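Report on the structure given below.
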Amino acid sequence: MDQYGLSPDKPIKLSDFDPDDGEGFKSKSDAQRQLRKDLLRIRVLQEALYAEHKQSLLIVLQAMDTGGKDGTIEHVCGAVNPQGVVVTSFKVPSAEELAHDFLWRVHKVTPARGMIAVFNRSHYEDVLVVRVHDLAPKEVWSQRYELINQFEKHLTANGVVILKFFLHISKAEQKERLLDRLNTPDKQWKFAVGDLKERGLWDQYQEAYEDALNKCTTAAAPWYVIPANRKWYRNYVVARIIRQTLEAMNPQFPQPAEDLSQVVIED
Ligand code: AMP
Ligand code: MG
């Protein structure tokens with residue numbers, strides 16, 4: 001999975017990443033079989049993480065509209081005990097949120113010890129949509145990359161492991177998915193006419209993403225560019241990376257506080 005992780009000293013071009021990537025499997029069902037194994041393992045590791053109550057995991061999901069953030073959450077996070085996971089979807093900031101610094105609403109929902117937090121969009125919107133739509137002056141958003149790096153460093157120094165996934169789809173794939181939303185009654189609720197305006201700004205968004213990925217890949221909190229045109233491959237890669245990360249965190253079930261060997265439970 002290393003091929004999808006960025007390094008701080010090696011800036012990337014998004015155009016060098018193929019959203020259609022998905023090789024290495026004889027069939028889709030091979031990948032799905034592996035995904036199921038990884039999810040079972042993630043479930044056990046998550047339980048140990050929760051029981052250990054020392055470290056936590058933050059998963060940031062960013063993508064263009066229809067990129068698959070919701071689907072990834074459903075498939076990957078649906079497999080773990082819901083008590084140990086908190087999902088936050090970041091929307092257009094409220095008046096109260098706008099009255100504070102841009103990280104205020106984010107810091108409040110970072111994961112407590114033992115927990116996994118998933119961000120559906122994140123503080124990165126403040127250097128993406130805000131930049132593309134001039135919602136703040138350049139002097140303001142351009143400082144945020146460094147502020148984000150400092151914030152994430154603060155979190156990692158406090159036991160939070162951070163995974164940041166950019167679900168990378170092509171513009172042609174987005175068209176297919178928008179058409180599908182438009183033509184499927186049960187999916188129409190997800191279709192926002194405003195998404196077409198965002199689609200018109202595709203190149204500006206890719207540029208803003210490229211900058212965010214490059215400027216905010218640190219050793220402690222790297223970005224991953226996930227090939228996301230094929231949903232099964234996207235799920236497989238994301239689950240694989242989460243599994244590997246949790247294995248490396250190596251959470252341990254705590255030892256009982258007292259000797260339990262003499263405990264008798266009366267009838
Ligand atoms: P959705 O994810 O489809 O529910 O849409 C959420 C919307 O909120 C998207 O259009 C985001 O760009 C927007 N959004 C999220 N965070 C911010 C932010 N910090 N500033 C402005 N818009 C935001
Ligand atoms: Mg949307």
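The values are calculated or read from the model by the stated rules, or taken from the named source; none is laboratory data. Everything numeric here is computed off the predicted structure, so don't read it as measured data. Quick reminder, even Gly has a Cβ in these numbers, built from the backbone with ideal geometry, and neighbours come from all protein chains shown. Heads up: the accessible areas ignore ligands, DNA and RNA and are worked out on the full protein's heavy atoms, side chains in. Shrake-Rupley method; radii C 1.70, N 1.55, O 1.52, S 1.80 Å.
Among residues of region 129-157 that are within 16 Å of ligand 2 (Cβ to nearest atom), those with a Cβ under 9 angstrom from a residue that is part of a helix (DSSP H, G or I) and open to solvent by less than 30 Å² (accessible area, probe 1.4 Å), sequence gap 6+ or separate chain, pair up as V129/Y205; V129/A208; V132/Y205; V132/A208.
Yes/no matrix, rows are residues, columns are (1) open to solvent by 70 Å² or more (accessible area, probe 1.4 Å); (2) assigned to a loop (DSSP other than H, G, I, E, B):
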| residue | (1), (2) |
| --- | --- |
| I12 | no, yes |
| E23 | yes, yes |
| S29 | no, no |
| R33 | yes, no |
| K37 | yes, no |
| L40 | yes, no |
| V44 | yes, no |
| L49 | no, no |
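Only a single item in (1) open to solvent by 20 Å² or more (accessible area, probe 1.4 Å); (2) closer than 16 Å to S170 by Cβ is not met by P227, and it is number (1).
V118 meets the conditions (1) away from ligand 2 (no atom under 16 Å from the Cβ); (2) open to solvent by 30 Å² or more (accessible area, probe 1.4 Å) in every case but one. The failed one is (2). Restricting L179, L167 to residues that are within 13 Å of ligand 1 (Cβ to nearest atom) and at pLDDT 95 or above narrows the list to L167.
Considering the conditions (1) part of a loop (DSSP other than H, G, I, E, B); (2) away from ligand 1 (no atom under 13 Å from the Cβ); (3) farther than 22 Å from P251 by Cβ, E74 is excluded by exactly one of them, (1). Of everything in region 161-180, what is open to solvent by less than 40 Å² (accessible area, probe 1.4 Å) and of a type outside the set (A, V, I, L, M, F, W, C)? Give them in sequence order. Across region 161-180, the qualifying residues are K164, H168, S170, Q174, R177. If only residues of region 121-160 that are surrounded by fewer than 20 Cβ atoms within 10 Å (Cβ to Cβ) and of a type in the set (S, T, N, Q) are counted, the one that is farthest from E198 (Cα to Cα) is N158.
Of the set (1) within 16 Å of ligand 2 (Cβ to nearest atom); (2) of a type outside the set (F, W, Y); (3) free of Cβ contacts under 8 Å to residues at least 40 places away in the same chain, all apply to D70 but (3).
Selection of region 51-71 for residues being crowded, with 23+ Cβ neighbours inside 10 Å, on the phi < 0 side of the Ramachandran plot and outside any strand (DSSP E or B) yields M64, G67. I'd like the residue in region 115-130 that is within 10 Å of ligand 1 (Cβ to nearest atom) and not in a loop (DSSP other than H, G, I, E, B) and, out of all such residues, is nearest to P82 (Cα to Cα). Per the stated criteria, the residue is N120.
Residue under question is A95, and the condition is that it be surrounded by fewer than 17 Cβ atoms within 10 Å (Cβ to Cβ) and within 16 Å of ligand 1 (Cβ to nearest atom); does it hold? Against the criterion (surrounded by fewer than 17 Cβ atoms within 10 Å (Cβ to Cβ) and within 16 Å of ligand 1 (Cβ to nearest atom)), A95 qualifies. Of all the residues in region 220-242, those that are assigned to a loop (DSSP other than H, G, I, E, B) and among the charged types (D, E, K, R) number 1.
All conditions in (1) modelled with pLDDT of 95 or more; (2) β-branched (V, I, T); (3) part of a helix (DSSP H, G or I) hold for V86, with the sole exception of (3). Across region 191-219, the number of residues qualifying as part of a helix (DSSP H, G or I), surrounded by 12 or more Cβ atoms within 10 Å (Cβ to Cβ) and either within 20 Å of the chain's Cα centre (by Cα) or at pLDDT below 95 (or both) comes to 12.
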